[in-house]
Amino acid sequence: MFRSPSASQVRIVLGQNPGLQTGPGTNTYLFGWDRLVLIDTGAGVPAYDPLLLGAVSALKGRLSLILLSHGHEDHIGGLPAVKRMYPDAVARKFPGEGPVSATAPIAAGELIQHDGITLQAIHTPGHATDHLCFYWPEERALFSGDLILGEGTAVIPRVGGSLMDYLASLKRLRSLDIRRIYPGHGPVIEDPPAKITEYIEHRHMRERQVLDALHAGARTIREMVARIYADVPRGLHPLAEETVWNHLVKLEGERRVRRIQEAGRETYELLS
Ligand SMILES: [Zn+2]
């Protein structure tokens with residue numbers, strides 16, 4: 001009798017790379033019936049390898065497909081080691097950042113059919129240009145990579161990040177029927193519509209805070225971050241600066257803010 005694997009059988013294998021930026025570490029997800037699928041590979045920490053081996057043998061399958069959410073090191077760093085353990089597994093990602101040569105391309109919107117499972121690749125740039133979420137319609141599950149996290153909010157990096165793309169990606173997800181989100185970091189999300197709305201509202205709040213900071217006299221990104229992210233550990237401020245930079249790019253595009261370059265210093269002021 002053919003039995004289709006279900007989301008309840010999704011195993012989380014933690015990347016063993018905890019940190020300020022990664023939380024408890026990168027989540028990698030293993031599922032399937034016989035020919036197993038792995039989403040993301042962690043950062044390449046050796047302690048991850050035996051955990052993956054154990055999870056694969058517990059499912060009594062063999063790993064045959066590796067899908068990568070995006071090319072950041074904490075998601076693809078483990079790929080060489082995983083490929084050494086499972087040389088027959090095919091690795092795939094959206095073209096762009098990372099070790100593209102080691103992977104077969106995934107097209108935006110592609111339906112990936114694999115051993116009774118259908119996953120839709122949804123191109124969701126904003127955190128990274130090559131970012132994909134994988135939607136499993138049969139289970140109403142979404143593997144969200146770094147677009148949506150189980151804890152805290154995503155970084156919009158200066159390189160490869162775009163706040164406008166990020167918001168568009170979140171809004172695109174709203175049209176899907178999602179019951180559970182498996183994020184790239186942090187715990188599983190059981191109330192996806194509320195989380196997606198919260199994420200969109202969070203960005204609007206940050207935008208208001210950037211405007212308020214400018215209004216209060218902050219001129220540089222560092223001054224704005226010190227004000228807006230006062231409750232966030234200082235070690236994360238460099239990342240917050242990148243996110244604020246992206247907010248300012250959006251506001252500049254909307255002609256609400258002007259950027260001024262003077263004496264090697266970048267300052268900003270409100271327009272109107
Ligand atoms: Zn990332």
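Within region 17-29, not a single residue is more than 16 Å from the ligand (Cβ to nearest atom), surrounded by 21 or more Cβ atoms within 10 Å (Cβ to Cβ) and either over 20 Å from ASP146 (Cβ atoms) or modelled with pLDDT of 95 or more (or both). Right, ALA108: more than 18 Å from ILE178 (Cβ to Cβ), within 16 Å of the ligand (Cβ to nearest atom) and in contact with a His (Cβ under 8 Å, 6 or more places away or on another chain) or not? So ALA108 does not fit the description; no. Do we have ILE181 as buried (at least 22 other Cβ atoms within 10 Å of the Cβ), at pLDDT below 95 and touching a Leu at 6+ places or on another chain (Cβ under 7 Å) here? Taking the combined requirement at face value, the residue does not satisfy it. Looking across region 184-195 at every residue that is within 16 Å of the ligand (Cβ to nearest atom) and surrounded by 18 or more Cβ atoms within 10 Å (Cβ to Cβ), the one that is nearest to THR129 (Cα to Cα) is identified as GLY184.
Restricting region 253-272 to residues that are assigned to a loop (DSSP other than H, G, I, E, B) and not polar (S, T, N, Q), the residue that is surrounded by the most Cβ atoms within 10 Å (Cβ to Cβ) is ARG256.
Selection over region 71-102 of residues that are within 16 Å of the ligand (Cβ to nearest atom) and surrounded by 21 or more Cβ atoms within 10 Å (Cβ to Cβ) gives a count of 11. Meeting the requirement of 3 or more residues that are crowded, with 22+ Cβ neighbours inside 10 Å, the strands (runs of 3 or more DSSP E) wholly within region 114-174 are 132-136, 141-145.
Here ARG234 fulfils each of the conditions (1) under 28 Å from the mean Cα position of the chain (by Cα); (2) under 20 Å from TYR166 (Cα atoms); (3) of a type in the set (Lys, Arg) apart from (2).
The values are calculated or read from the model by the stated rules, or taken from the named source; none is laboratory data. Being a predicted model, the structure only gives us computed values, none of them experimental. FYI the Cβ positions are ideal-geometry reconstructions off the backbone, even for glycines, and counts take in every protein chain you see.
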